[in-house]
Structure formats: structure tokens, C-alpha cells
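All remarks here apply to the structure that follows.
No lab work stands behind these numbers, since they all come straight from the coordinates. Remember, it's a predicted structure, so these values are computed and weren't measured experimentally. Note that we place each Cβ from the backbone using ideal geometry, even for glycine, and neighbour counts take in every protein chain shown.
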Amino acid sequence: MTGSRQSDALRLSDNMSERFTDELAVESPLSIDIKHKSAIIPMGITMRTPGDDKDLAIGFLYSEGVIDKFTDIESISLSEDRISIAIRDEVEFEIQSHRRHTITSAACGVCGKDSLTNLHKLHSSDLNSSLRIHSSQLSTNLLFFTRKQSLFETTGGTHAAVAFSEEGEIIATKEDVGRHNALDKLIGHILSTDSLNSEELILHVSGRSSFELVQKTIRAGFPILASVGAASTLAVDLARECNLTLVCFLKVDSMVIHSAPNRIIH
């Protein structure tokens, strides 16, 4: 299954109408289960754009605090709409903190959770305080960021998460109908690639900076998060608490920095 699908549609404009073929971003369910100590534990169903499903599941489990490293995973089994990840017996986690009872839409990454109390407790080590980049580098990154959204260019209906090096090199990029899915895919890719170090990388995301995107960013160890949209109150509060540099409304000639501005040289 590809990331887009053609669909017949009717366009109305300037008192004219025409039939045309539109390209839609695919949104379909993925069921995630984990196997741990002979038990099969359903983690819920997420609505995602098919592709990079292993990265999505790995990043999701890491963001949730189920695993701390890629080697916590013993095996991965993937079918078209279901993925099952076997966690090593020695790995310990509190399943009730992660269990979900509803379908998670592409717009919500925490829907259906029994409790939100653990979300503030998923921080890893302190974020890299020595990283410094020029504001002009963020603006340059933005130009390349927009060019890496091939699925968005085709459909206009997806989000992207892109990791840049300090020098502006694109390290990895992922797209999905869901903002949190795109980031989980990126995190899963980085986690499973030993040569990548998120503590030295800058994260760019499309859309706004929500609490969950900030939480996932901090959990993954990115010291700088830049988004093209606004930030929410909880996102700013968490970024300040954890010394994350949160940049919003990023444009080529301007930006708004909500927290830890010391990492940005102007």
C-alpha cells in the first residue's frame, strides 16, 4: 500500500465546475501489540499513513517509555494492518500507564490512555546545553524542510518531521497524516540506527507544537524543536521545565522562541 490514493472529485471555482482526479493521503488503522513474559498486551489502534510501520511502532514504544533502547526489542512481526513487538523479559514497565482503550486518530496521540500522570515522567537525561546554532541556519533548514515533504506536495494532507545536523545536513525525514505519527516514525528510525545521535540534532516539524510533540522531542533527546505553527500553553511549560529550545512560527525571516533561547545565536 502506498502513501496516497487517487479519488474522483468535483472542483467548483469562479462559477465553473470540473471533474478531476484528486490525490489523497492514505489513512488506515494499525494495531500494535506487545509480547512480554508470555503475555500479549494490546497497545491500541492508531490511524496512520502506511509505510515505515516498524519505525512508527518502535518510536511509539520509546516515546511511551515502554522501551529505553532498541535492544530492548527481541523481535518484530508485521502484517498489513497489525504489528507485534516482542519485548525482552528483563525489561520492566508499568503497562497500565500505557494501555489504551480507544482508536487513536491521526490528530491525537494520547487519546484513550487510562492516565496522563506518567507523561511528565518520561524524560531522559538532561538535554544538550552546549549546542549552539545561528538563527539563519534554522531559516535555511526551513527551505530544505519544505522540499522534503514529497507526500504533502502530492496530497496536501500530511505532516512531516525532519532531523537536521548542526551544519544543516538532513539526517532523516518522515511523513504521515498524523503529526505525532511522523515524529514517532522519525524517533523509531533514529533509535534503530546506532550511528545517529539525537543530542546533536535539530528537529523540525510541520504544524503546531503541542504538548505531546514537545514530550516526544524531550524523551528522544533533541535539544531544539522548530515548528512552523504555534505552541500550546502546556507545550511551552514543558519546554521551559526541561530546557528545550522551542521555536515556533518559523519563517525564512522571522521566528518566535518560547524557551531556552541561549542555543540560538542571532
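What shape does the range 133-265 have by the C-alpha gyration tensor, where a ≥ b ≥ c are the square roots of the eigenvalues, rounded means a/c under 1.5, and otherwise prolate means a/b greater than b/c and oblate the rest? In terms of gyration-tensor shape, rounded. For the listed peptides 22-32, 235-245, a ranking on the average number of other beta carbons within 10 Å per residue, highest first, reads 235-245, 22-32. Phi angles across the range 8-13 convert, under the Karplus curve 6.51 cos²θ - 1.76 cosθ + 1.60 with θ = phi - 60°, into 3J(HN,Hα) values of 5, 8, 10, 9, 10, 6 Hz, Gly and Pro given as x. Considering every alpha-carbon pair of the range 188-266, the percent of pairs per 5 Å bin, from zero through the bin containing the longest distance, is 3, 16, 29, 25, 15, 9, 2, 0. Peptides 56-68, 157-169, 79-91, 220-232 ranked from most to least packed give 56-68, 220-232, 157-169, 79-91, packing being the mean of other C-beta atoms within 10 angstrom over each peptide's residues. Considering every Cα-Cα pair within the chain, what fraction, in whole percent, is farther apart than 32 Å? Value for the chain (Cα pairs over 32 Å): 24 percent.
Using unit Cβ charges (K, R positive; D, E negative) and no other charged atoms, how large, in debye to the nearest 20, is the dipole of the range 133-265 about its Cα centre? The partial results should precede the final answer.
On the way: 11 positive and 14 negative charges, 64 e Å.
Computed charge dipole of the range 133-265: roughly 300 debye.
Classified by the C-alpha gyration tensor, the range 122-182 has an oblate form. Its axis ratio a/c, with a ≥ b ≥ c, is 1.5 or above, and a/b does not exceed b/c.
Between Asp89 and Asp194, how high is the FRET efficiency from 1/(1 + (r/R0)^6) when r is the Cβ-Cβ distance and R₀ = 22 Å? Nearest 0.05. Each step should come with its number before you reach the end.
On the way: r = 23 Å, r/R0 = 1.05.
The computed FRET efficiency comes out at 0.40.
Result for the chain in a Gaussian network model with C-alpha springs under 10 Å: among Arg48, Arg19, Arg208, the largest mean-square fluctuation is at Arg19. Each of Lys69 and Asp14 was given a label point 7 Å from its Cα along the Cα-to-Cβ line. The distance between the two points is 6.2 nm.
The HN-Hα couplings worked out from phi for the range 73-87 by the Karplus form 6.51 cos²θ - 1.76 cosθ + 1.60 (θ = phi - 60°) are 8, 8, 7, 10, 10, 10, 10, 4, 10, 8, 10, 10, 10, 8, 9 Hz, whole numbers, x standing for Gly and Pro.
At a 10 angstrom cut-off on C-beta neighbours, averaged per residue, how do the peptides 35-44, 254-263 rank from highest to lowest?
On the way: 35-44: 13.8, 254-263: 16.9.
The most tightly packed comes first, giving 254-263, 35-44.
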